[in-house]
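Undergrad: Take this structure, written in structure tokens, and hold onto it; I'll ask about it next.
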Amino acid sequence: MADERPVSFDCDGEPLFGLLHDVEAHEPRRGLVIVVGGPQYRVGSHRQFVLLARAVAAAGFPVLRFDYRGMGDSMGPSVEFEAIDGDIRAAVDTLVSHYPTLDSIALWGLCDAATAALFYAGNKADARVDGLVLLNPWVRTESGEARAQAQGYYGRRLKSVSAWLNLLKQPGRLLRVIGNLANVARRALSRSDADEAALPERVLASLGSFSGDALLMISGNDLTATEFLNVARDDHRCIKALESGRLTRRDHADADHTFSTAAWRGWVERETVSWMQR
């Protein structure tokens, strides 16, 4: 296991804290910054960020995982994922200060951290960031969530003959399911709010403007992932990125949102390391 050491750095006058995973390579050229989504801190669900950082560092790439303002051990008021550009820049600055030979930085994020990383990289304000690893990006809207529920939870279950037979034996439960389906349908068809499309559009625009390489990892058993695929599937910016080879997509049919088993975490680690090596 590579050496790990605590680091502290500043963002808008607030001290941030993280762990730097060192490498033996004399002059590494590429590094990784793990951006943490909220509410979460630098260890990650199921110690995912710890194990990921160790795997990437063992492959020869220095890694920094850190808490942004108001999370974990870092100070300051809590901030939304859409407002952590300064935190990410401070983390990139810190990694480069410890490894001055780095000329290529990748950002890694899950859920809203993936969206935050995409916003940061897509604005082209930091030329050092030329890579993104995005897991189940967050594009949540009320109608998008409802459509994903209809496709996923209800779609899978209502295709089952045994599920229908069980419901027919329980009239009260059947009525509740019908009521829930009607509510989901109403929400899925509701697009009156002009803000509904704002977040998905910003995500897709950032993906389109990002000129580096990206790895997209999608869980097959996740509402957030289904929402993202629904908005991205036919978007010309995603299609162009995939066709150009700038965007590499990997799917795990069984995995949940946080890749909660050792096997699923191992898959994420291997895909991340392989992509960085390429």
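Undergrad: Look at the stretch 82-121 and say how many of its residues are crowded, with 21+ Cβ neighbours inside 10 Å, closer than 26 Å to PHE228 by Cα and not hydroxyl-bearing (Ser, Thr, Tyr).
TA: Here the count works out to 17.
Undergrad: Being part of a strand (DSSP E or B) and open to solvent by 20 Å² or more (accessible area, probe 1.4 Å) is the filter here, so list the residues in the stretch 122-148 that pass it.
TA: Passing the criteria: only ASP130.
Undergrad: When you scan the stretch 120-128, do you find a residue that is more than 14 Å from LEU32 (Cα to Cα), aromatic (Phe, Trp, Tyr) and out of contact with any strand residue (DSSP E or B) (no Cβ under 8 Å at 6 or more places or on another chain), even just one?
TA: Looking through the stretch 120-128, none of the residues is more than 14 Å from LEU32 (Cα to Cα), aromatic (Phe, Trp, Tyr) and out of contact with any strand residue (DSSP E or B) (no Cβ under 8 Å at 6 or more places or on another chain).
Undergrad: Quick check on ALA53: is it modelled with pLDDT of 95 or more, closer than 25 Å to TYR99 by Cα, open to solvent by 10 Å² or more (accessible area, probe 1.4 Å) and among the small types (Gly, Ala, Ser)?
TA: The answer is no for ALA53.
Undergrad: Something else about it: Restricted to the stretch 192-220, and to residues that are touching an Asp or Glu at 6+ places or on another chain (Cβ under 9 Å) and surrounded by fewer than 15 Cβ atoms within 10 Å (Cβ to Cβ), which residue is modelled with the lowest pLDDT?
TA: Among those that are touching an Asp or Glu at 6+ places or on another chain (Cβ under 9 Å) and surrounded by fewer than 15 Cβ atoms within 10 Å (Cβ to Cβ), it is ASP193.
Results for (1) within 23 Å of PRO15 (Cβ to Cβ); (2) more than 15 Å from the chain's Cα centre (by Cα); (3) modelled with pLDDT of 95 or more, shown as yes or no for each residue.
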residue: ASP85; (1), (2), (3): yes, yes, yes
residue: ASP93; (1), (2), (3): yes, yes, yes
residue: VAL96; (1), (2), (3): yes, yes, yes
residue: SER104; (1), (2), (3): no, yes, yes
residue: LEU135; (1), (2), (3): no, no, yes
residue: THR141; (1), (2), (3): no, yes, no
residue: ARG147; (1), (2), (3): no, yes, no
residue: LYS169; (1), (2), (3): no, yes, no
residue: ASN180; (1), (2), (3): no, yes, no
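The values are calculated or read from the model by the stated rules, or taken from the named source; none is laboratory data. Nothing here was measured: the structure is a model prediction, and the numbers come from that model. As a convention, Cβ positions derive from the backbone with ideal geometry for all residues, glycine included, and neighbour counts pool all protein chains shown. Note: areas computed on protein heavy atoms with side chains; ligands, DNA, RNA excluded. Shrake-Rupley method; radii C 1.70, N 1.55, O 1.52, S 1.80 Å.
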